[in-house]
Every structure is written in C-alpha cells, then in structure tokens.
Amino acid sequence: MKMLKNLRRGLWNYHTVCLVILTPLLLLPLPLVIGTQEAKCAFVLLLMATFWVTEVIPLSMTAMLPAILFPMFGIMKSSSVAKEYFKDFHFLLVGIICLATSIEKWGLHRRIALRLVTMVGVNPAWLILGFMSGCAFLSMWVQNTSAVTMVMPIVEAVLQQILKAKEECAGEHNLALQLDGTLICSLLSFIYCLIPKITQLRRRWMYPNCDSINFGNWLLLCLPISIIMLLLTWIWLYWLFIGSDFSFMCRRGGEQSAKEKAAQKVLDDEYKSLGPMSSQEIFTGVVFMVMVLLWLTRSPGFMPGWAALFPNQSGYITDATVAVLLGFLFFIVPLIKLEGRHFCKDTIFISLPPEAMICWQEFQASMPWKVALLVGGGFALAEGTKESGLSLWVAELLTPLGELPVLATISIACIIVTTVTEVASNAATATIFLPILSPLAEAIHVNPLYVLIPTTLCTSFSFLLPVSNPPNAVVFAYGHITIMDMVKAGLGANVIGILAILLAIATWGVPLFSLNTYPHWAPVLPGFNSTTP
C-alpha cells in the first residue's frame with residue numbers, strides 16, 4: 001500500500017509531463033488512422049482544449065499550436081495562419097490598454113472608486129452596493145485584476161475601522177453593523193465580474209463580414225443586463241450573509257453610530273489624501289469620455305453616425321480606429337505640471353517636461369499579450385475548422401438539436417459554458433466553444449448571434465472557486481473567506497447571470513441585432529432544418 005501511495009504521489013508530481021506526452025499520443029489515431037482533414041483538425045482542437053482546460057503549458061503558447069500543426073497537416077498555409085493572429089480586435093485592445101495605462105498611472109481609477117463609495121454612505125448594505133458599483137464601473141475600462149487589487153486595500157481599511165469602532169463601542173447593539181471580514185471580502189470576489197466583462201466587446205465569431213455589432217447596440221444590450229445582475233446579486237448576497245431584513249432600504253439618513261462615523265472617516269480621509277484633480281487626470285478623463293462618445297456615435301444604427309462623413313470609405317473605419325487614434329495621443333501629449341511660484345503673487349508657471357503621458361515601457365507592462373495571443377489562436381482555430389470542413393461535420397452532427405426550441409438550445413449551451421469556465425479561463429472557454437456553436441446555429445438556420453452572444457457572455461461567470469480567475473484568487477488571499485463562502489454565493493450569481501442573459505436575448509436583443517432573421521453574412525447550409533426563432 002505504501003508503495004502504491006508513493007507511486008501515486010510520484011505520478012502526480014509529474015502529471016504535467018504526463019499530460020503533455022499522453023494527450024497527443026491518445027489522440028494520434030485521429031490523424032494517423034482516420035486521416036481525413038476533419039480528423040486532423042479535430043486532433044488540433046481536442047489537443048488545444050485539453051491543454052487550455054488543464055493549463056499544463058501557458059495558455060498563450062497553446063494558442064500557438066495552429067501555427068505549427070495546421071501547416072504540418074496541410075490544413076492551412078503558414079502565411080494564412082499567421083494572418084489570423086493579428087486582426088481588428090487587437091488594434092481595439094491596443095487603444096483601450098493605452099487608456100487603461102494612463103488611468104492607472106495617474107490614479108484616476110482610485111479617485112472614481114472612492115467618490116462612488118462615499119456617495120452611498122456607510123450603512124453596510126449601501127456600503128456593499130457602493131463598492132460593487134465602483135469596482136464594476138472601473139473594471140469596464142481597466143483590467144479586472146487591477147480593479148480588485150486597487151479596491152481591496154480600501155475595503156480592508158474600512159473593515160478594520162469598523163471592527164475597531166465595534167471594540168470601542170462593545171456595549172452598543174447595532175445589528176446593521178455586525179460586520180466581519182467574511183461578508184465584505186466575499187462580496188468583493190463577485191464585484192469585479194458584473195459590468196466589466198459583460199460590456200467588453202468580444203467579436204470572436206468566424207464571420208468577418210458581420211456588420212451587426214457596434215459599440216452602441218452592444219452597450220444597449222449589456223448595460224441593462226449589468227444593472228439587473230448588479231442589483232439582484234447585491235440582494236442575493238445581502239440575504240445570504242446578513243439576513244432577510246430589507247427595511248434598511250426605507251431608512252436613509254439619520255444619526256450615524258460610532259462605527260458608521262469611523263468608516264465614513266476612513267473614506268473621507270482616503271479621498272482627501274488624493275488632493276485636487278491633476279491635469280493628467282483631467283486629460284485622461286476627457287480622452288476617456290471622447291472615446292466612448294465616438295464609439296457610441298460612429299454608427300448607432302437608428303441614425304447616421306459620424307462615419308457617414310466618409311462615404312467613400314464605408315466600412316473602413318471601426319471602433320479600433322477610434323481606440324488607436326486616441327491611444328496614440330497619450331504618447332505625444334506631454335505632461336503638464338502646474339507649479340505655483342512665489343516670484344509673483346497668483347502667478348502659475350506651466351512646466352512641460354519632455355516625457356509624454358505614458359511611455360512604451362508602461363504600456364508594455366499593462367498590455368495583456370497573453371490575451372492577444374489567445375484570441376489570435378482562437379481566430380486561427382476557427383478558420384482551420386472552416387477550411388478543413390470540421391465545422392460542417394459538426395453542424396451535421398448537431399442538427400438534431402434543431403428540434404428543440406431555440407431558447408432551450410441556448411439555455412443548454414449557456415449552462416455548459418458556465419460550468420466549464422469555472423475550471424478554464426474565460427478566453428479559453430470562448431475560444432473552445434464558439435467554433436462549435438457557430439455551425440450549430442447554421443445547422444438549425446438561426447442567426448448565429450442568437451447563440452454566440454449569450455454563450456460568450458456566460459464565459460464571464462466564473463464565480464465559484466479561487467482558481468477560476470486571478471481576481472477571485474486576490475480576494476481569497478486576504479484570508480477572510482472560505483471556498484464554501486465563494487461557492488454558495490457564486491451559485492446564486494451564476495443563476496442570476498444566466499437568467500438575465502436569457503431575458504435580454506429573448507426580448508430587447510431581438511430588435512437590436514435582428515435576431516429573428518438569418519443574416520446575409522452567414523453561410524446557408526443546404527438540406528438543414530430551417531427552424532427560425
């Protein structure tokens with residue numbers, strides 16, 4: 001028994017090597033025995049899916065496998081595969097990261113978060129909602145991990161002041177503020193994931209000619225989802241960790257207790273320590289607002305946008321063009337320091353140092369190259385499934401699902417994706433499933449966006465485990481919560497998220513993306529079920 005135990009321990013120590021070696025060996029019959037192009041592409045797909053789920057090698061390096069295996073198997077030329085690794089999405093990402101780098105460098109995110117939290121007060125329920133709203137809004141524009149890392153020290157400081165005041169006022173009974181670390185910190189593990197990921201524009205289809213999605217209609221679809229999720233998750237977490245007494249909603253204002261005053265003082269002191277807004281923060285905020293405005297008005301759909309000013313370049317300008325243009329400004333606009341001098345009363349000298357708002361090293365440190373490669377690998381994999389005929393084969397295999405109501409098919413897909421994303425990264429889950437779900441939609445002759453949009457959003461619902469994503473791990477590392485706290489709260493958040501997405505895609509999502517018609521940019525597969533939603 002001891003020998004077997006030692007053997008198992010030894011094998012586990014080398015499980016990474018075993019997976020890297022055994023997985024391709026077990027899949028070898030596909031290219032060697034069956035030998036069709038579809039089987040060869042299936043070998044690549046299954047190998048990448050296994051490596052992505054187990055993370056035995058870095059995700060970004062797994063994404064490079066199509067560049068090696070597709071040319072070797074004769075599926076695509078190396079030059080054709082390379083083109084898939086840098087697309088319009090990557091330019092959009094570059095522009096957004098330029099903005100995010102400036103936001104983080106000059107502390108604008110901290111100012112916004114503190115301001116939002118101080119506006120709601122220090123009652124535990126409203127304080128939780130304030131942190132949730134602030135962190136969710138911030139991580140729309142900066143990386144989720146950065147948002148949580150920035151907010152958690154503020155939460156910890158407020159929490160310590162509450163506990164300190166509680167000790168000083170031990171005789172005072174105030175149920176509303178019987179708050180411990182488990183509550184606020186466990187809530188923070190879900191804050192980052194509500195609005196931020198949902199509102200990110202994820203154009204990961206295999207449909208390069210798709211013109212149905214723009215920033216405006218994506219925001220109109222996802223902002224209500226975000227608000228619904230935010231409010232319902234707040235209520236769910238309050239009920240789970242505090243209780244069912246919601247009378248606090250009718251009791252705004254009044255005299256503050258000692259603990260509430262202590263917490264309010266922490267927030268006020270933190271905000272005052274920031275001082276007045278610097279010129280760098282103002283410039284970053286202006287660029288941010290201009291970028292969003294230009295995205296919303298480029299081609300809103302219900303009226304001509306500013307892109308109509310370039311009639312001879314119709315379709316040439318995208319959201320990525322706007323993002324790169326404004327991101328470029330951060331490298332050429334110099335820092336402006338306002339320095340008061342005593343040489344003359346009320347005189348202000350403007351110093352223009354040679355450096356710009358951000359430098360290349362700062363941008364490079366913030367740029368998620370792993371995500372860029374991962375998405376590029378997804379594009380390459382999707383194109384390979386199309387060129388090899390694997391997508392058509394999957395479409396034929398999945399055709400029987402067309403007999404189910406469309407919403408039932410979407411619900412099943414959302415549940416599967418939500419389950420898988422708990423153990424695999426969000427980007428990897430989307431990259432694995434979208435090439436499979438696209439031919440399913442084509443097989444049942446349903447607008448592919450009807451299936452792809454809700455399942456793409458569901459890849460963000462990784463709420464259950466500390467290992468599900470880095471922000472969960474950041475919160476868990478503070479040591480205030482257990483895994484069961486995360487699991488209980490996360491299950492409710494998952495259910496709320498799936499239901500909110502299904503509600504949106506079945507109601508206001510239909511007119512926004514014309515989901516009740518089969519689009520011109522999607523292929524029509526002969527002989528398949530013509531089911532329509």
- Query: When the range 270-310 is examined, which residues are found to be open to solvent by 40 Å² or more (accessible area, probe 1.4 Å), in a loop (DSSP other than H, G, I, E, B) and under 27 Å from residue 111 (Cβ atoms)?
  - Reply: 274, 276, 277
- Task: Could you list, in sequence order, all residues of the range 25-81 that are of a type in the set (Lys, Arg) and crowded, with 17+ Cβ neighbours inside 10 Å?
- Result: 40
- Filtering the range 311-360 down to residues that are assigned to a strand (DSSP E or B) and modelled with pLDDT under 85 yields 334, 337, 338, 339, 340, 348, 349, 350, 351
- Restricting the range 398-447 to residues that are modelled with pLDDT under 85 and not in a helix (DSSP H, G or I), the one most open to solvent (accessible area, probe 1.4 Å) turns out to be 423
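In the list 232, 194, which residue meets the criterion of being under 30 Å from residue 434 (Cα atoms), modelled with pLDDT of 85 or more and in contact with a helix residue (DSSP H, G or I) (Cβ under 7 Å, 6 or more places away or on another chain)?
232
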- Message: Need the failing condition index for residue 110 against (1) among the charged types (D, E, K, R); (2) at pLDDT below 80; (3) more than 30 Å from residue 330 (Cα to Cα), just the number.
- Response: (3)
- Message: If a residue must be modelled with pLDDT under 75 and open to solvent by 10 Å² or more (accessible area, probe 1.4 Å), how many such residues does the range 113-129 contain?
- Response: 6
- Among all residue pairs at least 6 apart or on different chains, which show Cβ distances below 7 Å where the first residue, located in the range 64-92, is touching a residue at least 40 places away in the same chain (Cβ under 8 Å) and of a type in the set (Val, Ile, Thr) and the second is open to solvent by less than 30 Å² (accessible area, probe 1.4 Å) and assigned to a helix (DSSP H, G or I)? 75/41; 75/384; 75/388; 81/66; 81/70; 81/380
- Just one listed residue, out of 218, 205, is at pLDDT below 75, of a type in the set (Phe, Trp, Tyr) and either in a loop (DSSP other than H, G, I, E, B) or closer than 30 Å to residue 391 by Cα (or both), and it is 205
- Note on the structure: Output for Cβ contacts, cut-off 7 Å, separation at least six or different chains, first residue under 14 Å from residue 382 (Cβ atoms) in the range 31-51, second open to solvent by less than 60 Å² (accessible area, probe 1.4 Å) and not in a helix (DSSP H, G or I), reads 41/75
- Just name the residue that is modelled with the lowest pLDDT out of those in the range 493-521 that are farther than 23 Å from residue 132 by Cα and either among the hydroxyl-bearing types (Ser, Thr, Tyr) or open to solvent by 80 Å² or more (accessible area, probe 1.4 Å) (or both). 520
- Query: So which of 467, 524 is at pLDDT below 80 and assigned to a helix (DSSP H, G or I)?
  - Reply: 467
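The values are calculated or read from the model by the stated rules, or taken from the named source; none is laboratory data. The structure displayed is predicted, hence computed values, not measured ones. When we count neighbours, we look across all protein chains shown, and the Cβ atoms used for this are built from the backbone with ideal geometry, even at glycine. We work out accessible area using only protein heavy atoms, side chains counted, and drop any ligands, DNA or RNA first. Shrake-Rupley method; radii C 1.70, N 1.55, O 1.52, S 1.80 Å.
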